Every structure is written in C-alpha cells, then in structure tokens.
Amino acid sequence: MRIFDPHIHMTSRTTDDYERMAAAGVRALVEPAFWLGQPRTSAGSFADYFDSLVGWEPFRASQFGIRHYATIALNPKEANDPRCREVLDLLPRYLDKDNVVAVGEIGYDSTTPEEDEAFAAQLALAVAYDLPALVHTPHRDKARGTERSIAVVAESGIEPGRVVIDHLNEVTVELVRDSGCWAGFSIYPDTKMSPPRMVEILRKYGTERMLVNSAADWGRSDPLLTRVTGDAMLAAGFTDDDVDQVLWRNPIEFYGQSGRLDLAELEGAVAGPAPTFEGNSILRGGS
Ligand SMILES: [Zn+2]
C-alpha cells in the first residue's frame, strides 16, 4: 500500500513516527502550517516555523525516504492576535517556495471578524499565487462553520476544485460534496472520525475528490491511521485500486494542481536529489 498523507504535523512527531510511517507505506506527506499550542507573540516566531517547514522538516523526512511538502498560512486561531497579523505580509515570500503546495490551514476557529478578514485575504493569495487552498473547519458548531466556509470560498472566486475543506464528518460531508470542493477527513484515535466511519462515508459518497489524513499533531493522534483506514477499506470489500486512489492518487491530484509536486519522483521513476540542510551548520560548531 502506498500512502500520501495530505495533512500531518510532523513538527510535533518523533523520528519513531517517521520510521513507523515509512514501514506502513507512507512515501509522501503534506505538513500544513498550524497553531503550535503555545501562542506565538511575534511574526518572527512564524518566520522561523515556516523556515523549518520548508527546510529542516523535509530534511528530517528524507532520512526515512519520505517526501515532505508544506502548506503555509496564518492559522485561524492566531489570526485573532493583533501581534500576529503582520504574518500576512510574510506569506508571499514562502508561497513562492518550490515545496509549498497550497495556502493553509486557513478558515475558522471561533468565527470572529478577524478570522473573516484573514480567511478572505489568504484565499486571495491562493488565487494570486495560483495555489490550492486547505480550509480547516472549526470543531465547535461544525455545520455552521462549514457552511460559512463554503460561502467565503465561493465569494473569493477561487475554483472550488482547488479547495479542500477538511476535518469533515457525516454531518458536513454532503455540504462540501455539493460545493464542488474536495472533502478532507482527519482520522483520530477516539474523537471526530474513525476508520470504520470513514469506510461508511466512502461507501456512501464514493472515492472521488476524497482526502483521508491522520492530522497527527501534538494532541492525542496516530500517524498510522491512514494505513488503518486503507486496511479497513480492503476488509470492507474495496479494491486495492480504490485504496490507491484515496490514499495516493487523490492527494497527488489535489496538490498536483500547485504544479510543484515532483510526479516522476513520487512514482519512483527517478530518485529525487539527495536533500541537504545547511541551516543548522551553527549547531555543528562551525565545522
Ligand atoms: Zn491540522
């Protein structure tokens, strides 16, 4: 089974996770910029974090044979902190980078006017930089938050096929299917969405424009739940080709719209360039 995890926060994970993911079939992943738990107090913290997402973390992933891509944005939660607003001005520098494949995570957390503004501004950046967008839906009052997100996406003028609305469940999936956006599902160990529920949704709505991720981060989560979902699909009678579509070809089709996925490398036709990382030379004592 080959797996492309379209949403996972490796910054919060250990090398043991990378090792287990590679053994389970994960060959590529997308790490969206998000809230790190500890609130940041200046734009400089974000710049260091974004640098890590496009430099250090891809290097770390490469040591386990995993191709690492990123999405960059000011996340909805921190969009409410006036000290973080200038992050919006930093984004263009990162949206130009080769392995940044979308603007995200954007969307709503508490649905404030500040979040409205940051959401719309970043959808406009996605259009300007010709990138897809990854939209996070709030965990509280998810149906209203999803509806409103779809409306904001429609107003922005971005093509719905270039947007994934993520963290969906049985209540919100239909709204998103009707909108033309891609549907994203984060599989968690004990909340929100489980592998058996995911299999039921795939049975009901089919395997097209569906993205399944582990969203593993600093909370209780499991980076192998993509694999567990693939196994649950097979046990439920889906074919190997169905699993390959959901866990491999769909993420490639969606993020491939950025024009920045190295398709030949992902398909194993050519070996990618050996990744190097120069940023930590200071830690090596200048040697
Ligand atoms: Zn996330």
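FYI, it's all coordinate maths here, none of it is from the lab. Everything numeric in this text was worked out from a predicted model, so none of it was measured. In this analysis, Cβ positions are derived from the backbone assuming ideal geometry, glycine residues included, and neighbour counts consider all displayed protein chains.
Couple of notes before you dig in:
- Helix-only [θ]222 nm of the chain, DSSP H runs n ≥ 4, -39500 (n - 2.57) each, per residue, nearest 500: -11500 deg cm²/dmol
- For the chain: relative contact order, % (alpha-carbon pairs under 8 angstrom, 6 or more apart): 20
- Sparsely packed loop sites in segment 193-239 (the trypsin sites (Lys or Arg not before Pro) outside DSSP H, G, I, E and B with at most 13 other Cβ atoms within 10 Å) comprise Arg220.
- Two-site FRET efficiency, Thr41 against Tyr129, from Cβ-Cβ distance with R₀ of 22 Å, rounded to 0.05: 0.20
- Computed label-point distance, nm, for sites Asp262 and Asp231 using a 7 Å Cα→Cβ extension: 3.1
- Spacing of the two label points (7 Å from each Cα toward its C-beta) at Glu155 and Trp218, in nm: 3.2
- Computed from the C-beta positions of Ala143 and Glu278, the FRET efficiency with R₀ = 30 Å rounds to 0.05.
- Estimated D of the chain in µm² per second, where Rh is the Kirkwood radius over Cα pairs and Stokes-Einstein applies at 37 °C, 0.692 mPa s: 173
- Cα-based radius of gyration of segment 119-250 once divided by 2.2 N^0.38 Å, which approximates compact folds: 1.05
- Farthest toward positive dipole pole in segment 3-269 [+1 Lys/Arg, -1 Asp/Glu at C-beta], among His9, Gln63, Leu225: Leu225
- Under-5 Å amide H pairs with Ala133, H placed in peptide plane, nonlocal only: Val103, Val163, Val164
- The distance between label points at Asp51 and Asp190 comes to 3.9 nm (points 7 Å beyond Cα on the Cα→Cβ vector).
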